[in-house]
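To keep things clear, I will list the structure first and then write my remarks on it.
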Amino acid sequence: MRAKTSIKKYIHVFFIIKGATHLLKYKELINSYISEPLLSKLANKHNISVLQAHDIVREYKLNELNRNVIKLLEET
């Protein structure tokens, strides 16, 4: 049972670190998205394609979801 708990913690840490590195890498772009969530304006402002902006924002939202799920699992 202890190994199962340890593996779960490693998985949680992996997703937390993955989310933090993504946030650091695209901090300016993500902050722009939070203030004005329009992908076309975001892409134009940062000189990237709308598809790239979508992928970055999608990854950010998935990381937020993972972080919230991990918090809920740790509370129970």
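The values are calculated or read from the model by the stated rules, or taken from the named source; none is laboratory data. Keep in mind that this is a model prediction, so the values were computed, not measured. Ideal geometry is used to build each Cβ from the backbone, glycine not excepted, and the neighbour counts take in all protein chains shown.
Of note:
- Pairs with Cβ under 8 Å, 6+ apart, first in region 31-46 and at negative phi, second in a loop (DSSP other than H, G, I, E, B) and exposed (fewer than 15 other Cβ atoms within 10 Å of the Cβ): L42/E36; A43/S49
- Qualifying residue in region 31-42 (condition: in a helix (DSSP H, G or I), more than 17 Å from the chain's Cα centre (by Cα) and modelled with pLDDT under 90): no
- Scanning region 55-76 for residues that are under 14 Å from the mean Cα position of the chain (by Cα) and either under 13 Å from S32 (Cα atoms) or acidic (D, E) (or both) yields D55, I56, V57, E59, Y60, E64.
- Candidates are the residues of region 39-76 that are surrounded by fewer than 14 Cβ atoms within 10 Å (Cβ to Cβ), hydroxyl-bearing (S, T, Y) and in contact with a helix residue (DSSP H, G or I) (Cβ under 9 Å, 6 or more places away or on another chain); the one that is farthest from Y26 (Cα to Cα) is S40.
- Against the numbered list (1) in a helix (DSSP H, G or I); (2) at pLDDT 95 or above, N47 comes up short only at (1).
- For region 9-30, the set of residues classified as part of a helix (DSSP H, G or I) and touching a residue at least 24 places away in the same chain (Cβ under 8 Å) consists of H12, F15, I16, K18, G19, H22, L23, L29, I30, listed by residue number.
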